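Visitor: Dropping a structure here in structure tokens format, bear with me for questions.
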Amino acid sequence: MILAVAAAMAVHLFADRALKIGIEMAATKSLNVGVSVEDVDLSIMGGKIGLQNLLINNPPGYQHKQLLELKDARIEVSMKSLLSDVVNIKDVKLDGLNVVLEQRGISGNNIQDVIRSIPAKDKQESKPAGKKLHIDNLEISNATVKVKLLSVIPGK
């Protein structure tokens, strides 16, 4: 009994920090740009996760430091659905989303550069991997998209 209580307390104290580090490391490796998150709130039993101040950096050579900034994200999933083929996400709330799209030259921009750096899956794979997702409610508030068209010819 005491061991179970101690384990539950340890998960409660360290799960948020471990998840924060895992998100930052995995996203930085996948996107090949710096990714940071200020805080993560995980409720395993409630099926909820919250992220505060998620930042995705631009690739080198762009004016703005960040490609994306997200002030607050809240996600709630049906825990029973995690065991099925379709994961039911009840609610996704994104608040304070800021995206900066920077054009560089004629044929490139920061978002394309990040997408190109993501490793392609094996094209010979015949059956889809993973589970299907179903989202009941998606709410995006206070979103801003800035488009920065850099001149192709210096001085123009």
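Each value in this text was obtained by applying a stated rule to the coordinates, not by laboratory testing. Note that this is a predicted model, so its numbers are computed, not measured. As a convention, Cβ positions derive from the backbone with ideal geometry for all residues, glycine included, and neighbour counts pool all protein chains shown.
Visitor: Using a cut-off of 12 Å between beta-carbons, work out the net charge of the residues near Lys148 (Lys and Arg +1, Asp and Glu -1, Lys148 not included).
Guide: Around Lys148, the charge tally is +1.
Visitor: Report the trypsin sites (Lys or Arg not before Pro) located in segment 20-100 that are in a DSSP loop and have at most 14 other Cβ atoms inside 10 Å of their Cβ, or state none.
Guide: Here the sparse-neighbourhood loop sites are Lys65.
Visitor: By average Cβ neighbour count within 10 Å, what is the ranking of 140-147, 102-109 from highest down?
Guide: Ranked from most to least packed, the peptides come out as 102-109, 140-147.
Visitor: Taking the Cβ of Ile23 as the centre, find all other residues whose Cβ is under 14 Å away and add up their charges (Lys, Arg: +1; Asp, Glu: -1).
Guide: Charge balance near Ile23 sits at -2.
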